[in-house]
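Data block below; observations after.
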């Protein structure tokens, strides 16, 4: 009924057109006769018990105003929006260095777990083990020392992805870790390009050549969360199906 | 009694309330069906009301929603009817037979009303079908844009555009210049 009152005049409905509409409506045609038939059908249906608000739900019978849908859907959308925002923006936030990187331990250039002898910087794990390394040691976890050309370390790959997601911001923990791994700030882009290429996923050097936009900006812990969060969810169906269960 | 209240009470079994809802909704519904099927409108609308009465318990919504719901049912009945006649909506939408309204013209008032109805339908019939139907739903049934779009199964933007164009064209045709410039055909033309 709300909509009946505040019908937005999106089109020019002039008095002439109102008169035209009145004319089309006429007096409702057969009048009492049609009404009597409809009422008879109503009584028959009512007496047969089909007016009870149960039975199969059909979407086409649900014409509750959009406000109702929105109210019901808000919880769903908020929840889903938060989830999506957390997932998507979490990466950005990590790239910006405002939240701790969960996998940073894996790429910590500090002491590798099994290091008993230092590896040479140019150590290529795919090649013959460098002198000093244990032969049995699997070549996989090459500790990213300075300018190391290690294989696609999953942790580093993740960091590089996070950095791409963060548009190549040149500060924060991610960047510091990558700097350490690459052996210098200027080497990070090339390093990430290489790393991503080697990981076989998204090898494009997405951030190289792109000047960092906010060299020193310390981002607030919640970078633009709300606008995106409200946009992302498109769950009309979920909202509706959740709503249709209120059988009285 | 407002429509929403009437519908709610009808859903609880109140026959008088259903009669109220009928009287509030039927004229617009019939006008819409007239635009779709012409002189079979009374029968088609009657069929629609049987279905409305039968499925009333399933309906969820307020008064505006009830208008949309009933318009959807009426539209389905009208399209079924046209299918039975093996005619596509395009050819019979506002066809000549729309002008042959039911012969309940026993009183002078009815004659005049029928005349006005015919003229009005003919004016709308000059529009492209999508515009005509959008106009009917918007101003005759009284739906808002999104509801009209839902009845038609189209995107709201498309329906809004169609209604806007149709109404604009109708308004233009109503100016004295528009009438003078060989504008709308009217019933009186041939007589």
Looking at (1) exposed (fewer than 13 other Cβ atoms within 10 Å of the Cβ); (2) modelled with pLDDT under 85, which is the only condition residue A:88 fails?
-> (1)
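One line per residue, one yes/no per condition, for (1) assigned to a loop (DSSP other than H, G, I, E, B); (2) modelled with pLDDT under 60; (3) at the interface with chain B (Cβ under 7 Å from one of its Cβ atoms); (4) exposed (fewer than 13 other Cβ atoms within 10 Å of the Cβ):
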{"site": "A:13", "(1), (2), (3), (4)": "yes, no, yes, no"}
{"site": "A:17", "(1), (2), (3), (4)": "no, no, yes, no"}
{"site": "A:34", "(1), (2), (3), (4)": "no, no, yes, no"}
{"site": "A:43", "(1), (2), (3), (4)": "no, no, yes, no"}
{"site": "A:57", "(1), (2), (3), (4)": "yes, no, no, no"}
{"site": "A:70", "(1), (2), (3), (4)": "no, yes, no, yes"}
Before we move on, is residue B:152 surrounded by fewer than 24 Cβ atoms within 10 Å (Cβ to Cβ), more than 8 Å from chain A (Cβ to nearest Cβ) and in contact with a helix residue (DSSP H, G or I) (Cβ under 9 Å, 6 or more places away or on another chain)?
-> yes
Somewhere in region B:24-41, is a residue crowded, with 19+ Cβ neighbours inside 10 Å, over 24 Å from residue B:121 (Cα atoms) and facing chain A (nearest Cβ under 9 Å)?
-> no
Among the residues of region B:51-59, is any in contact (Cβ under 8 Å) with a residue 24 or more places away in the chain and outside any helix (DSSP H, G or I)?
-> yes
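The values are calculated or read from the model by the stated rules, or taken from the named source; none is laboratory data. Computed from a predicted model, the values in this text were never measured in an experiment. Neighbour counts are summed over all protein chains in view; Cβ atoms, including those assigned to glycine, are modelled from backbone coordinates with ideal geometry.
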